[in-house]
Every structure is written in C-alpha cells, then in structure tokens.
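Report on one structure; see the data block that follows.
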Amino acid sequence: MRLLLATSIVLGLVGHGTADHVVSQKNKTFSTAALTVHVGEKVVFKNDDSVPHNVFSSTVGAAFNLKSQAPGAESHATFEKAGTVEVRCAFHPAMKLTVTVAP
Ligand SMILES: [Cu+2]
C-alpha cells in the first residue's frame, strides 16, 4: 500500500499521464527492488540521483539499454513479453530490479 501511494505521488509530481509505472534511482538504488507490470506496459526510469545511471537489461528476449542518464533525466522501457526481467545499472553493479511481466 505504501508503495502504491508513493508511485501515485511520483506520477503526479512528474506528470506522466501515459506512464504505467515510474521507477526512480536515488542513492544508487532503484526505488523498488521488485515490480510487477502487465505485457505492453511502460516503465519510466527517472534519475533522481546526483550521479549518472545506465539502466539496462540483458534478459534474453527482453534486453534493452537506456544508455547513460544524467541526473534529472528520464527514459522508459516497454515490456512486451511475459516473464521475469532482470534490470541492472551498468555503472553500479549492486543496483538490481526484478520486473515480473504478467500476461
Ligand atoms: Cu547506477
């Protein structure tokens, strides 16, 4: 419930009317370690940190690379295939986010 509330607040603040989910990066950590989305949903990745991040996934069939994002920058990935996607940061190996893509 707290996570849902936080997500709603973030959505409202950054005004992503079309974003299905928002994950921020702060203190070299994803704002959540696990996220469930549905096939076709978009996840906005927002860098709320003071250092660049490079969000990517090497999961077969769901790989993407958002490239280096400066502080304040945001980009998004769309999850098109059901399954589990491991999202990482190329600059900070400790950063992990598991996205469960439900049908
Ligand atoms: Cu990072």
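The values are calculated or read from the model by the stated rules, or taken from the named source; none is laboratory data. Note that the structure is a prediction, hence the values are computed from the model and not measured. Cβ placement follows ideal geometry from the backbone for every residue including glycine, while neighbour counts extend to all protein chains displayed.
General remarks:
- One residue from Thr36, Thr32 being in contact with a helix residue (DSSP H, G or I) (Cβ under 9 Å, 6 or more places away or on another chain) and more than 11 Å from the ligand (Cβ to nearest atom): Thr32
- The conditions of being of a type outside the set (Lys, Arg), within 12 Å of the chain's Cα centre (by Cα) and surrounded by fewer than 16 Cβ atoms within 10 Å (Cβ to Cβ) are met by Ala34.
- Single residue of segment 83-93 satisfying the filter (of a type in the set (Val, Ile, Thr) and either assigned to a loop (DSSP other than H, G, I, E, B) or away from the ligand (no atom under 13 Å from the Cβ) (or both)) that is surrounded by the most Cβ atoms within 10 Å (Cβ to Cβ): Val85
- Yes/no for Thr18 being surrounded by fewer than 19 Cβ atoms within 10 Å (Cβ to Cβ), at pLDDT below 95 and at negative phi: yes
- Note on segment 72-82: among residues that are part of a strand (DSSP E or B) and in contact (Cβ under 8 Å) with a residue 40 or more places away in the chain, the one that is nearest to Gln25 (Cα to Cα) is Glu74.
- In segment 39-61, the residues that are of a type in the set (A, V, I, L, M, F, W, C) and either under 9 Å from the mean Cα position of the chain (by Cα) or not in a loop (DSSP other than H, G, I, E, B) (or both): Val43, Val44, Phe45, Val55, Phe56
- Remark: pairs (first residue in segment 83-103, in contact (Cβ under 8 Å) with a residue 40 or more places away in the chain; second residue part of a loop (DSSP other than H, G, I, E, B) and within 9 Å of the ligand (Cβ to nearest atom); Cβ separation under 8 Å; 6+ apart in sequence or on different chains) = Cys89/Lys28; Cys89/Met95; Phe91/Val51; Phe91/Pro52; His92/Lys28; Ala94/Lys28; Met95/Lys28.
- Within segment 16-29, restricting attention to residues that are in a loop (DSSP other than H, G, I, E, B) and of a type outside the set (D, E, K, R), the residue that is farthest from the ligand (Cβ to nearest atom) is Gly17.
- Every residue from segment 46-82 that is more than 16 Å from the ligand (Cβ to nearest atom) and either closer than 15 Å to Ala33 by Cα or surrounded by 12 or more Cβ atoms within 10 Å (Cβ to Cβ) (or both): Thr59, Ala62, His76, Thr78, Phe79, Lys81, Ala82
- Pairing residues of segment 46-71 that are modelled with pLDDT of 95 or more with residues that are small (Gly, Ala, Ser) and near the ligand (Cβ under 9 Å from one of its atoms), at Cβ distances under 6 Å and at least 6 apart in sequence or on separate chains, gives Asn54/Ala90; Phe56/Ala90.
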